[in-house]
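Take a look at the structure below.
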Amino acid sequence: NAGVMQNPRHLVRRRGQEARLRCSPMKGHSHVYWYRQLPEEGLKFMVYLQKENIIDESGMPKERFSAEFPKEGPSILRIQQVVRGDSAAYFCASSPARTENTEAFFGQGTRLTVV
Amino acid sequence: GENVEQHPSTLSVQEGDSAVIKCTYSDSASNYFPWYKQELGKRPQLIIDIRSNVGEKKDQRIAVTLNKTAKHFSLHITETQPEDSAVYFCAVGVKGYNKLIFGAGTRLAVHP
């Protein structure tokens, strides 16, 4: 089991460009959670998705950010017109179903740098 | 929504001493309390977790205690070693699914 896979590991974008971050959940997992970690801070919940559905997007910024988890393929976190404040580590975690009280398996993260 | 506070933000101990990190939360319905260790540039890794039906859990040098009435839980590391140096995060599971609300983190430094 390869675990939660995120790519790219590092991403550099100029201000105004788009960033696409990918997350493939663990085998057999159909639910994905995205978190953002700003430098020297804790992880902040962004969005929770299951296949083809957004369950909870209460942590997503209102503009420029979107997420999807299509029937086939990885979950995508998309940031349009990036700004320097978007520089952060973005982690995703997966779970097998709409469970609670179970370990969250994190991917290695994507470190986004906006220059 | 749930609010999690973590103290202290930094902690420096001598090798062999104990370290204690405390977290408080606001939602009395929360029932899952994991602790994560994060080394520089790496992903958070679960080191221990506790559910609301128990008050204490221990795994070798690491223990977690939970006081549901007071809505706080603590991480205890005994006989600290230099390799315990890292940032530690508490988290609270939102009832209903696997969403976690994290504390701000504690940077632990263990000096030889």
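The values are calculated or read from the model by the stated rules, or taken from the named source; none is laboratory data. No experiment lies behind these values; they were computed from the predicted model shown. Quick reminder, even Gly has a Cβ in these numbers, built from the backbone with ideal geometry, and neighbours come from all protein chains shown. Surface accessibility is based on the protein's heavy atoms, side chains included, excluding ligands, DNA and RNA. Shrake-Rupley method; radii C 1.70, N 1.55, O 1.52, S 1.80 Å.
Taking into account only those residues within the stretch A:73-115 that are more than 18 Å from B:Ile101 (Cβ to Cβ), of a type in the set (A, V, I, L, M, F, W, C) and not in a strand (DSSP E or B), which is farthest from the other protein chains (Cβ to nearest Cβ)? Filtering the stretch A:73-115 for residues that are more than 18 Å from B:Ile101 (Cβ to Cβ), of a type in the set (A, V, I, L, M, F, W, C) and not in a strand (DSSP E or B), the one farthest from the other protein chains (Cβ to nearest Cβ) comes out as A:Val83. Of the residues in the stretch A:5-25, none is more than 10 Å from chain B (Cβ to nearest Cβ), at pLDDT below 95 and open to solvent by 50 Å² or more (accessible area, probe 1.4 Å). Taken together, the residues in the stretch A:26-58 that are open to solvent by 80 Å² or more (accessible area, probe 1.4 Å) and under 16 Å from A:Phe105 (Cβ atoms) amount to 1.
Applying the condition of being in a strand (DSSP E or B) and basic (Lys, Arg) to the stretch B:1-49 and asking which residue is surrounded by the fewest Cβ atoms within 10 Å (Cβ to Cβ) yields B:Lys22.
I'd like the residue in the stretch B:51-70 that is under 27 Å from B:Ala109 (Cα atoms) and in contact with a Phe, Trp or Tyr (Cβ under 9 Å, 6 or more places away or on another chain) and, out of all such residues, is most open to solvent (accessible area, probe 1.4 Å). Lay out the reasoning, then the answer.
If we filter the stretch B:51-70 for residues that are under 27 Å from B:Ala109 (Cα atoms), which is where we start, we get B:56-67.
If we keep only those that are in contact with a Phe, Trp or Tyr (Cβ under 9 Å, 6 or more places away or on another chain) as well, we get B:62, B:64-67.
Details: B:Ile62: 38, B:Val64: 0, B:Thr65: 43, B:Leu66: 22, B:Asn67: 60 Å².
The qualifying residue most open to solvent (accessible area, probe 1.4 Å) is B:Asn67.
If a residue has to be on the phi > 0 side of the Ramachandran plot and at the interface with chain B (Cβ under 7 Å from one of its Cβ atoms) to count, how many in the stretch A:40-62 make the cut? So that I can check it myself, show each step before the final result.
The first filter runs over the stretch A:40-62 and keeps only residues on the phi > 0 side of the Ramachandran plot, leaving A:40, A:52.
Keeping just the survivors that are at the interface with chain B (Cβ under 7 Å from one of its Cβ atoms) gives none.
Looking only at that region, the number is 0.
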